[in-house]
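One structure is given here, and the rest of the page talks about it.
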Amino acid sequence: MSLPNCRIKSLHSLQRKQGASLRRNWELQFMYCLRNLRTSQLLQLALVHRAVLHNGEKVVVKVQRPGLKKLFDIDLRNLKLIAEYFQNSETLGGPSRDWVGIYEECSTILYQEIDYINEGKNADRFCRDFRNIKWVRVPMVFWDYTATKVLTLEFVPGIKINQLDALDARGYNRSRISSHAIEAYLIQILRTGFFHADPHPGNLAIDVDESIIYYDFGMMGEIKSFTRERLLELFYAVYEKDAKKVMKSLIDLGALQPTGDLSSVRRSVQFFLDNLLDQRPDQDTTLAAIGEDLFAIAQDQPFRFPSTFTFVLRAFSTLEGIGYILDPNFSFAKIAAPYAQELLDIRQRQRTGSQLVQEIRKQADDARSYTMSMPYRVQRIEEILKQLESGDLRLRVRVLESERAARKATILQMATMYTVLGGALVNLGVTFSSQGSQIIANGSFVGAGVFLTLFLRSMQRVKKLDKFEKMI
């Protein structure tokens, strides 16, 4: 089957424009399109075709949609304005949000996605990272037939990772496949720092030997060595179920603000670590154990979302969904535990004599500093006790039950105000309607409808608070 004439003309035109990059020796005979050529494909970033080279090698050719960069420029310019508005908004912005940072992270990756030279380099780098792992396969790039808007890759067919019937028909072990998918991503995040940012089922397939085939290397992310070290520390802390180390790692990563009372955070983290291997912790049990702490966390909002992890978390959530599709008994913690132990063993083996001496010296310095600061610590305790006795020191005690009651009272007060304002607008509308001022009357009724909506939302919040109190 051959391409329609319009497609051949478009390809010849593109070849003339990219002649210097593509070289003159590519004369491809297209066998058939991988996707049906229909109107809905105008929404695609590119068209993908199967082809055959002179030597009989089967390849896949990805041709970019014309004028794509101009569309990106317009859309991303508008998104930047929205991000800046959100950042400056009192309700949506502030120090707890980094909308501009998230925008910049997305913008960088999206522009990289439409540069096929960059995508080819990403594929080669990803292939090198997994060269010693047999169950990961990456299509080879044919650089002689690749340019900024045309990418030619090795044709590597496989079964989509979410086509369960096809996988079962071949007798593939779905549990092993899900484990490999998670382990591959842990390697990308914690070991190489170069990860696939779009691992949805369309970009993952299974080969005949159960190896995972990766497609589409346009959206790739990179984690700097400092951040990767902090992530490793967090990973080890979770594996060791040490809540203090987890919190320290989160603070170092910028995901937790070291201000205020973090005791509620520590207790909540410890609870989830202790129940880490449970498939899905029961909601009632969780609220009964740490309901008060969760309320305090919701009030203080100590957690932050670093823009660096925008695509990391997105990829993790996608892979977790794939894991549950492949294996109903999927557990990320159980899959990650052996990998964590392996990393810990490697870490211990890689410690050199000089590193051990440095660590011993550091511990000795810490012990000396702690010993020398003891008199100051004792003096400080005495000063605090004297201030308590004289009444010069004020203690802030959190009574979460009172905080909940105050919050509920505030919501009810706002609901009452919405009711009064809504009722006043209804009366105003009726008055103006009887006098023939229909425009003003309609405006009053619309305003009353807005306040009614706000009233209903307030009552819904009160209902949720009541439900939460009953559960804890």
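The values are calculated or read from the model by the stated rules, or taken from the named source; none is laboratory data. For clarity, every value in this text was computed on a predicted model and none was experimentally measured. Glycine gets a Cβ as well: all are built from the backbone with ideal geometry, and neighbour counts include every protein chain shown.
Quick notes
- The C-beta contact set for the stretch 325-339 (first residue closer than 17 Å to Ile187 by Cα, second residue at pLDDT 80 or above, distance under 6 angstrom, 6+ apart or interchain) comprises Ile335/Ser179; Ile335/Ile182; Tyr339/Glu183; Tyr339/Leu186.
- Residue within the stretch 146-156 that is small (Gly, Ala, Ser) and assigned to a helix (DSSP H, G or I) present: no
- Taking the stretch 95-109 as the range and being closer than 20 Å to Gln188 by Cβ and surrounded by 15 or more Cβ atoms within 10 Å (Cβ to Cβ) as the test, the residues that pass are Glu105, Cys106, Ile109.
- Among the residues making up the stretch 121-149, a single one is among the small types (Gly, Ala, Ser) and closer than 18 Å to Lys69 by Cβ: Ala147.
- For the stretch 162-220, a tally of residues being surrounded by fewer than 17 Cβ atoms within 10 Å (Cβ to Cβ), part of a loop (DSSP other than H, G, I, E, B) and among the hydrophobic types (A, V, I, L, M, F, W, C) returns 1.
- Across the stretch 34-74, the number of residues qualifying as of a type in the set (S, T, N, Q), touching a strand residue (DSSP E or B) at 6+ places or on another chain (Cβ under 8 Å) and modelled with pLDDT of 85 or more comes to 1.
- Among the residues of this structure, Val100 does not count as one that is farther than 30 Å from Ala333 by Cβ, over 24 Å from the mean Cα position of the chain (by Cα) and not basic (Lys, Arg).
- When residues of the stretch 161-202 are limited to those that are in contact with a Gly (Cβ under 8 Å, 6 or more places away or on another chain), modelled with pLDDT of 90 or more and of a type in the set (Gly, Ala, Ser), the one farthest from Ser331 (Cα to Cα): Ala181
Rundown of residues vs (1) surrounded by fewer than 13 Cβ atoms within 10 Å (Cβ to Cβ); (2) modelled with pLDDT of 80 or more; (3) over 30 Å from Lys464 (Cβ atoms), yes/no style:
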residue	(1), (2), (3)
Arg361	yes, no, yes
Tyr376	yes, no, yes
Leu395	yes, no, yes
Ile411	no, yes, no
Met417	no, yes, no
Ala424	no, yes, no
Gly436	yes, no, yes
Ala441	no, yes, yes
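- Some residue of the stretch 123-133 being surrounded by fewer than 21 Cβ atoms within 10 Å (Cβ to Cβ) and in contact with a Ser or Thr (Cβ under 8 Å, 6 or more places away or on another chain): yes
- Candidates Val48, Val63, filtered to the one that is assigned to a strand (DSSP E or B) and either free of Cβ contacts under 8 Å to residues at least 40 places away in the same chain or surrounded by fewer than 17 Cβ atoms within 10 Å (Cβ to Cβ) (or both): Val48
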